[in-house]
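The values are calculated or read from the model by the stated rules, or taken from the named source; none is laboratory data. For clarity, every value in this text was computed on a predicted model and none was experimentally measured. Cβ placement follows ideal geometry from the backbone for every residue including glycine, while neighbour counts extend to all protein chains displayed.
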Amino acid sequence: MLYQIYESQRSIMEPFAEFAQAAAKLFNNPISPLSQTALAHRISATYDLIYRLGKDYEKPQFGINCIEIEGVEVAIHERVEINKPFCELLRFKRYTSDIKTLGTLKQQPVVLLVAPLSGHYSTLLRDTVNSLLVDHKVYITDWKNARNVPLSEGEFHLDDYVNYIEEFLSHIQSIYGNCHVISVCQPTVPVLAAVSLMASRGMKTPITMTMMGGPIDASKSPTAVNNLALNKSHSWFENNVIFRVPMNFPGAGRRVYPGFLQHTGFVAMNPERHLKSHYDFFKDLIKGDNSSADNHRKFYDEYNAVLDMDADYYLETINVVFQEMKLVKGTWDVTSRAGVKERVRPQDIKTTALFTVEGELDDISGSGQTKAAQALCTGITPKNMQHLEVQGAGHYGIFSGRRWREVVYPAVKAFIQSHDQTLSKSVPVKTARKPSTPSTPKVVAKVAKPATKAIATKPSAKKQPSTTTRAAAKKVASKTTKAQKT
């Protein structure tokens, strides 16, 4: 019933939020008589704050239309490469008419950026994508809101998540020959599982694997997130945080962990900080500091936009990652796309370099949780492993903001480039694979050789020029000689 109550409350608040937005504009617009009244700025700021507290936050857009590479403007086209029931594989295709820049783009490495499925949309990694696009071909997982997925599409499990990652990696490899993978926060676990399974099967694995702020080993430096998962039983989560989607959504009846509960949990971790942020927003509006107010709007438009997660996936993640820690203990079995149970063995990874990144002040994935991946991947040589702890950075600081751009991204870029095998010969597999063209001459040559020898051993079989032909040849030669003399 909680989901239905929340939706009812949101529907009731919606017209009041719209009224507050209109009132804020009336008291702030210079041509409105109300803007000339006493305390107009305070009244406008109050209404604006009410509007933002009561409005419904929909999924944001990436909004990356162009980037600049070495002074040249490059257009960005966002398109769906693979459409799965619970996720879309997006590609940010780059276009330019500058020949030199185009040659540079073709030589750059390919990266699959795996966004977290933990309450927020993949647009939370907008800053990450924007940086990567300058030096890489970029793909990203764009997870769908479970409340919009019809029940006819079936359930979504943690095993399905792992299989999605494997399918996306295989798709990219089929185009470019190989790629790199970066996972942020929650997906570090399923990404490590997917690459491990690929290695165990003898499949080609990504060139590098970068893991940022993820709970590989949740027992190290436990945070509030870890403690909640450990202090409550599986049945408690199922009975207290799992609800069915109301009838006014495409996924009506689906069991989900609602996004609004996840958002409440995020805010509850740092209530004072969020309260101060909103009060600062109110003061900025009064002072007329539109730049700071816009920064607040952009952040909370992203932060407040949340999605529902399928109940099976959420409960299995709590159990596998936090409660039983099956990855660390080596007891995690994943059902493959073929329906076969396979053991996750990170020690089987040998041809993938590993880079782990942690924030010194991360209050979601504590210190050492991500670096634990290096202890599990014993098949990777020490020279192919690297770790970075970002001083003064919290959870979001390692993939967004100043520290990401100035500290983390340069290190990630250098790591990828130092291990990339396609920098000097970036030829897509699709254009390189033409077996019929090179094989045809070889077959003809093999067939032609015996025939040539057979003809050579039978000189009598050669056709001799006829008398008429010889006479014609002499006549032509005679005319040619006369022409040369004249």
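Having 1 or more residues that are farther than 17 Å from LEU125 by Cβ and free of Cβ contacts under 8 Å to residues at least 12 places away in the same chain is the bar; report the strands (runs of 3 or more DSSP E) wholly within the range 328-429 that clear it.
Those strands (runs of 3 or more DSSP E) span 333-335, 341-343.
Among the residues of the range 216-249, what is the count of those that are under 20 Å from SER8 (Cβ atoms) and assigned to a loop (DSSP other than H, G, I, E, B)?
So the answer is 7.
Let me spell it out: the conditions are (1) closer than 21 Å to PHE299 by Cα; (2) of a type outside the set (Lys, Arg); (3) assigned by TED's automatic domain parsing to the domain that holds THR210; (4) modelled with pLDDT under 95, and PRO60 meets all of them except one. Which number is the exception?
Result: PRO60 passes all but (3).
Look through the range 393-407, keep the residues that are more than 17 Å from the chain's Cα centre (by Cα) and within 19 Å of ASP363 (Cα to Cα), and return whichever of them is surrounded by the most Cβ atoms within 10 Å (Cβ to Cβ).
Among those that are more than 17 Å from the chain's Cα centre (by Cα) and within 19 Å of ASP363 (Cα to Cα), it is ALA393.
Go through the range 128-160 residue by residue and tally those that are out of contact with any Gly (no Cβ under 7 Å at 6 or more places or on another chain) and not in a strand (DSSP E or B). Even if it seems obvious, please write down each step before you answer.
Residues of the range 128-160 out of contact with any Gly (no Cβ under 7 Å at 6 or more places or on another chain): 128-145, 152-160.
Subset that is not in a strand (DSSP E or B): 128-136, 144-145, 152-160.
Selection size over the range 128-160: 20.
Being over 22 Å from TYR300 (Cα atoms) and in a loop (DSSP other than H, G, I, E, B), is that true of even one residue in the range 65-72?
Checking the range 65-72: at least one residue is over 22 Å from TYR300 (Cα atoms) and in a loop (DSSP other than H, G, I, E, B).
Looking only at residues that are of a type in the set (A, V, I, L, M, F, W, C) and surrounded by 15 or more Cβ atoms within 10 Å (Cβ to Cβ) in the range 1-36, which one is farthest from ASN290 (Cα to Cα)?
My answer is MET13.
Please specify each residue of the range 173-184 satisfying the condition of being closer than 18 Å to VAL162 by Cβ and either in a helix (DSSP H, G or I) or at pLDDT below 95 (or both).
GLN173
For LEU89, which of the numbered conditions (1) closer than 30 Å to THR141 by Cα; (2) at pLDDT 90 or above; (3) touching a Phe, Trp or Tyr at 6+ places or on another chain (Cβ under 6 Å); (4) in a helix (DSSP H, G or I) fails to hold?
If we test LEU89 against (1) closer than 30 Å to THR141 by Cα; (2) at pLDDT 90 or above; (3) touching a Phe, Trp or Tyr at 6+ places or on another chain (Cβ under 6 Å); (4) in a helix (DSSP H, G or I), just (4) comes out false.
Can you spot a residue in the range 132-146 that is over 30 Å from MET247 (Cβ atoms) and of a type in the set (S, T, N, Q)?
no
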